[in-house]
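For reference, the structure is listed below as structure tokens.
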Amino acid sequence: MKKENYIPFSKEILLEKQLEHAYKNETDATNFKRLFHILEHYFHYEGFGLNQQLKLNYAHFDPDRLPEERALYANKSNLKSFHTIFKKVLERGNFEKIDDEVLHKAINASDLLGLNLDIDFDNYDDYYLYARGLSKTKEQVKHFIFWKKEVEIEYYDRVVIYLHYKDSSYFEAKKVDPEKIHFDPNSIVLKIFKRVPKNDLETIFPNAEPKMSLKDKLLLWIPAIGGGVPILSTKVVPALLKIVNAYKTGHLNLIQGIKTNLIQSGVALIVLSLYLFRQYKGYVNKKNNFKKMLTDSLYFKNLGNNGGVFHSLIDASEEEEMKETMLAYSFLLQNKQPTSAEVLDQQIESWFKKEFNCELDFDVKDAISKLQHIGLAHEKHNEWTVLPIDEALKRVDEIWDGIFEYN
């Protein structure tokens, strides 16, 4: 499994661990906590600015707004700018784009449902999914008729889906009944979900429709053709013809024997029909299970829709930015000598392995870049040093004071 940049521990837990191991002096511990909190406010301020830009550039495409209100933003919302900022926030939160190959594999191989789904991707001008926090767990799934087997399922901790619907002219050209469209053309639907199985990603698409798999069709039609046609052609139809002929010729004494054969054939057809009904009922049950899973996803797994998604993503991006910056600063401070990015990366990843038994790919480049941007780290001969805590506090305080300076 590929290592992720995502750090699956809260910033408070990481602060506690750093204080416990590296800042035993009370003054140093107090100053480090002060630096931690002022950096929190700094990243929160950055997040506020990103949130405002997202809301402005999304307003024209927001399906939760009235059409009249959306029209007011026609010249204010910029789709290209929205894409750029939205993807920037996702990447800052250490979300990674899900490849089309992974999605189409999920469509063709459902782990939990055993049901094939059909998605009309032509409805969208653009779509993509981002996820983070891939983990494995064991699940019991049906195997044959009565047995169950344990399989290993991969889950994404968070999944964000972006769907940009085509405009109304496309649906008018296809002569789609406007009453049957449950979305606003040219709108952008955003959703964020928790704990989504990797091989059931397709279930979070709003237009996913169940369809019979080849296996379901074979189980339904092969017995129907293989059993029903021979009974009808060799038993039922000939028996009916003999009865008709007996009435015409007056040989009514032959009818009783023919009726017995006909009843036996009818019983065989009833048994076959019950089997076919059972097979079809199994498919219907799969569809109902899908509807239940969809309901559960919308009610229990859905963490936000449309503009509400921004708050979750901004919070996630602030958290990840804070964790990376704090760890990079703390380890460089502890080293007390210039350190290369490669060595720093190894130190932090080894620390996660030792403290949490967690393997991750720490984004050292991004962490150092943030420290440099704030003015807390300096590079010389490809090695990095950071300001002492008291100087770092002064530096960040200057930045914070400058944000609200009236000029």
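Please work out if residue 65 is touching a helix residue (DSSP H, G or I) at 6+ places or on another chain (Cβ under 7 Å) and crowded, with 19+ Cβ neighbours inside 10 Å.
So residue 65 fits the description; yes.
Every residue in region 377-403 that is hydrophobic (A, V, I, L, M, F, W, C), assigned to a strand (DSSP E or B) and either in contact with a Pro (Cβ under 8 Å, 6 or more places away or on another chain) or more than 20 Å from residue 327 (Cα to Cα) (or both), please.
384
Mind checking which strands (runs of 3 or more DSSP E) fall wholly inside region 103-182 and carry at least 3 residues that are modelled with pLDDT of 85 or more?
Here the list reads 124-143, 147-165.
Among 314, 399, which is aliphatic (A, V, I, L, M) and surrounded by fewer than 20 Cβ atoms within 10 Å (Cβ to Cβ)?
399
Tell me whether region 61-68 contains one or more residues that are over 17 Å from residue 323 (Cβ atoms), in a loop (DSSP other than H, G, I, E, B), in the same structural domain as residue 366 (by TED's automatic domain parsing) and free of Cβ contacts under 8 Å to residues at least 24 places away in the same chain.
no
Looking at residue 89, is it surrounded by 13 or more Cβ atoms within 10 Å (Cβ to Cβ), at pLDDT below 90 and not acidic (Asp, Glu)?
no
Can you name every residue in region 52-76 that is polar (S, T, N, Q) and modelled with pLDDT under 95?
Once the filter is applied, which keeps residues that are polar (S, T, N, Q) and modelled with pLDDT under 95, region 52-76 yields only 75.
Condition test on residue 24, is it among the charged types (D, E, K, R) and either surrounded by 14 or more Cβ atoms within 10 Å (Cβ to Cβ) or under 30 Å from residue 166 (Cβ atoms) (or both)?
Judged against the criteria, residue 24 is not a match.
The values are calculated or read from the model by the stated rules, or taken from the named source; none is laboratory data. This structure is a prediction, so every number in the text was calculated from the model and none was measured. Using ideal geometry, Cβ is built from the backbone for each residue, glycine included, and neighbour counts are taken over all protein chains shown.
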